[in-house]
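What follows is a set of notes on a single structure, which appears directly below.
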Amino acid sequence: MSAVVDITDLQISFATDAGTVDAVSGVSLQVQAGEVLAIVGESGSGKTVTARSILGLLPETARVRGAVVLTSRDGGSSQDVVPLRGAALREVRGEDAAMVFQEPSTSLNPVYPVGWQIIEGLRAHGKLSRKEARAKAVDVLRRVGIPDPEHRIDHYPHQFSGGQKQRIVIAQALVLDPGVIIADEPTTALDVTVQAEILELLRRCRDDFGAAIVLITHNMGVVADLADRVAVMYQGEIVEQADVRTLFSAPQDPYTQQLLAAVPRLGQGVAHTRERAARRAPGWAEVAPVVEARDLRIVYPGRLRQPDFTAVDGVSFSIRPGEVLGLVGESGSGKTTIGRAMAGLTKVTGGSLQVLGAEMNGFKERAFRPVRERIGFVFQDPASSFNPLLTIADAVAEPLVVHKRAKDPRAARARVDELLEAVQLPKHFGDRYPHELSGGQRQRASLARGLALQPELLIADEPTSALDVSVQARVLELFDELQKELGFAALFISHDLAVVDLLADKIAVLYRGKLVEEGTGAEVLGAPQHSYTQRLLASLPVPDPDEQARRRTEWNALRATD
């Protein structure tokens, strides 16, 4: 096999107001034709910067030394990308190498149909007529699994689901038949079932299209599922390289060992559940629930002659004091809608939902206000839930000021410092703004804000979905410690079954607004009864290449019976 990418002694630094920052130090890598190379590591390790250097997609402030040699698909030409500029660089992009970006919603232009955006690349690089380019775009959309491509080629990005948008971005990368595709966190925010389909599509890119793939990810299950070889990066350097089976069975570097140890695995939660159950006082099961739903229905009224949409359909569950209920399911299953209804942010249209003694069906805001301060909320994306104009201390103090526990943020500062230290953030971080914190630090600050009023109920909506495995492990450990110490009840919403298994006393599985299965982690994840739960479990990639190959076969069999 010949190398389609050959990186030698790559060094990348950025000029900033605070001085020069070294992002990549002396990286050397090769990607062979038809190979999947996974580059893994925490945020800030340099993996995305390294991958973007293959296409020359670095900002003007970057200073690049070393060589990044890209060989054409037919092997007829090789050139160093580093000195290329302008037209020469545009010629390489798309034909020799293409990029699949992390967030398809931001990489697709919302004002143009998806077909136009695919055809744009074809017309820029070739001499195809409009008709020929459209036919090729339809063909590539069909090959990546977009249904009815002849009509959907004229649809806009907002008319597609998250998984379909990711397929369209992959189609954009494939349409010029490049020798190598760089996939930057292609499955980060996707449900496990959609993630499994995208991984299957990437596998087809390698097998059917013959493209090499450079996969940037922090999900070790995805690495085990797709990669042939793995390079582990830490603080701008490659600390270990090995084939995928060797890396998972016998990691050599302490950082790699730490990274693999931080990955949550199914079955780990059994001991935690027993430990929590042993701490409970006698008669705990007879105590009145903090939350009780009976035949809960939430319907969104249709607009512009569209029919009503039933988001939650006849769901019943309860959460007792100090208990953690894990709510799992795909996007659109009704998980977040239930969480919002519990916080009084979405109206209940049928059945009963009692939260801390208050009935949410037909509640009045004025009557519910005293109850709301007994509820904490941790949002999925702290970057968008924090006001960028407020310091972290002001944001954490906001609930205290709103509910008149403090006169102003300055008066609340002592309490804010306590909260920041409780979530393992130095108190001087309170003077920073949200953009000055890493993702994991922002999520800890979000947890501090959710706990500011010492709530009896905490609603955590996908609080770790976009975090690195090591950061996720620390946040989950912190959540568990705080729940143990403060004793609040919690609704933990997630699509990661291993994370829910680690934290939850009970797990409830939602599918299209209905509760299809409920029980302990051992019952629901150890012996699932419903076919949807079985499909969810089979979709979850595990950090073991051999076990993952078996699970992939099982997933394909379940999908064939749908």
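Read-outs: derived from the displayed coordinates by stated rules, not from any lab. Bear in mind the structure is a predicted one, so any value in this text is a computation, not a measurement. Cβ atoms come from the backbone with ideal geometry, glycine included; neighbour counts cover every protein chain shown.
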What does the charge dipole of the chain about its Cα centre add up to, to the nearest 20 debye, if the Cβ of each Lys and Arg holds +1 and the Cβ of each Asp and Glu holds -1? 1660 debye
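Lys and Arg at +1, Asp and Glu at -1: add these up for the other residues within a Cβ distance under 13 Å of PHE160 and post the number. It would help to have the intermediate numbers written out before the result.
Details: positive: ARG152, LYS165, ARG167; negative: ASP148, ASP154.
Its environment carries a net charge of +1.
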Counting only other residues whose beta carbon sits under 11 Å from that of GLU462, what net charge do I get with K and R as +1, D and E as -1? -3
Whole-angstrom gap from region 254-270 to region 280-343, using each part's C-alpha centre: 31 Å
Between region 503-517 and region 227-248, what is the separation of their alpha carbon centroids in Å? 36 Å
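Mean projection of the alpha-carbon convex hull of the chain over all orientations, in nm²?
Working: hull surface 111.4 nm².
Projected area, direction-averaged: 27.9 nm².
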For the pair SER72/ALA271, report the inter-label distance in nm, with labels modelled 7 Å from Cα in the Cβ direction. 5.8 nm
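Return the tail of the calculated pair distribution for region 389-454, meaning the percent of Cα-Cα pairs more than 18 Å apart.
On the way: 492 of 2145 pairs.
That fraction is 23 percent.
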Which of VAL92, LEU259, TYR112, positive extreme of dipole for the chain (C-beta unit charges): TYR112
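Which value results for Rg/Rh of region 467-562 when Rg is the Cα radius of gyration and Rh the Kirkwood radius based on the inverse mean 1/r? Don't skip to the answer; put the middle values down first.
Values: Rg = 15.0 Å, Rh = 14.9 Å.
The Rg/Rh ratio comes out at 1.01.
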To make sure I understand, if each residue's beta carbon is the centre and we count other beta carbons within 10 Å, what order do LYS427, LYS506 fall in, fewest to most? LYS427, LYS506
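Return the calculated 222 nm mean residue ellipticity for the chain, to the nearest 500 deg cm²/dmol, obtained by summing -39500 (n - 2.57) across DSSP H runs with n ≥ 4 and dividing by the residue count. Please list the in-between numbers first.
Working: 23 runs with 217 residues, N = 562.
Mean residue ellipticity at 222 nm (helix-derived): -11000 deg cm²/dmol.
Checking the table LYS347/LYS484; LYS347/LYS407; LYS347/LYS506; LYS165/LYS347; LYS407/LYS427; LYS47/LYS427 against a 22 Å threshold on Cα-Cα, which pairs fail? Spell out each step's value before the answer.
On the way: LYS347/LYS484 31 Å; LYS347/LYS407 31 Å; LYS347/LYS506 25 Å; LYS165/LYS347 30 Å; LYS407/LYS427 20 Å; LYS47/LYS427 31 Å.
Those over the limit are LYS347/LYS484; LYS347/LYS407; LYS347/LYS506; LYS165/LYS347; LYS47/LYS427.
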Out of GLY221, PRO382, SER28 - ranked by how far each Cα lies towards the positive end of the dipole of the chain, with unit charges on the beta-carbon of charged residues - the top one is PRO382
The chain: angle of helix 162-174 to the longest principal axis, Cα-based, in degrees nearest 10: 10 degrees
Which residues qualify? For ILE213, with a placed amide H closer than 5 Å and at least 5 residues away or on another chain, they are GLU35, VAL36, LEU37, ILE181
In nm, the gap between the two label points placed 7 Å beyond Cα toward Cβ at THR561 and ALA87 is 6.0 nm
Just subtract the alpha-carbon distance of LYS484 and THR16 from 0.36 nm times their residue separation and send over the number in nm, one decimal. 164.2 nm
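Taking the Cα centre as origin and putting +1 on Lys and Arg beta-carbons and -1 on Asp and Glu beta-carbons, what dipole magnitude results for region 389-454, to the nearest 20 debye?
Numbers: 11 positive and 8 negative charges, 35 e Å.
Dipole size: approximately 160 debye.
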Acute angle (nearest 10 degrees) that the helix 130-143 long axis makes with the longest principal axis of the chain, alpha-carbon atoms: 50 degrees
For ASP228, ASP17, ASP546, what ranking results if the residue with the fewest other Cβ atoms within 10 Å of its Cβ goes first? ASP17, ASP546, ASP228
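In square nanometres and to one decimal, what's the mean projected area of the convex hull around the Cα atoms of region 402-504? Walk me through the intermediate numbers first.
Details: hull surface 26.8 nm².
Computing the convex hull of the Cα atoms and averaging its projections yields 6.7 nm².
For region 316-366, just run the numbers: alpha carbon Rg, then divide by 2.2 N^0.38 Å, N being how many residues it has.
Details: Rg = 11.6 Å, N = 51, 2.2 N^0.38 = 9.8 Å.
So region 316-366 has a normalised radius of gyration of 1.18.
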Looking only at aspartates and glutamates whose Cα falls under 20 Å of LYS514's and that sit 8 or more positions away or on another chain, we get ASP191, GLU292, ASP295, ASP308, ASP313, GLU330, ASP461, GLU462, ASP496, GLU523, ASP562
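Mind putting a number on the dipole of region 241-371 about its Cα centre? Charges go on the C-beta only, +1 for Lys and Arg and -1 for Asp and Glu, and I need it in Debye to the nearest 20.
Values: 17 positive and 12 negative charges, 72 e Å.
Using only the charged Cβ atoms, the result is roughly 340 debye.
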Given the options VAL230, ALA498, GLY326, identify the residue whose Cα lies farthest towards the positive end of the charge dipole of the chain (+1 on Cβ of Lys, Arg; -1 on Cβ of Asp, Glu). GLY326
Need one number: % antiparallel among DSSP beta bridges in the chain, to the nearest 5. 55 percent
Can you give the extra length, in nm with one decimal, that the chain gains between ARG204 and HIS155 once fully stretched, where that is 0.36 nm per residue apart less the Cα-Cα distance? 15.2 nm
Label point 7 Å beyond Cα of ARG245 along Cβ direction - residues of region 17-50 with amide nitrogen under 19 Å: 35-38
On the formula 1/(1 + (r/R0)^6), with r taken between the Cβ atoms of ALA414 and GLU286 and R0 of 51 Å, the FRET efficiency rounded to 0.05 is 0.85
Give me the angle, in degrees from 0 to 90, between the Cα long axis of helix 413-422 and the longest principal axis of the Cα atoms of the chain, rounded to the nearest 10. 70 degrees
Report, in whole Å, the centroid distance computed from the Cα atoms of region 15-70 and region 162-201. 21 Å
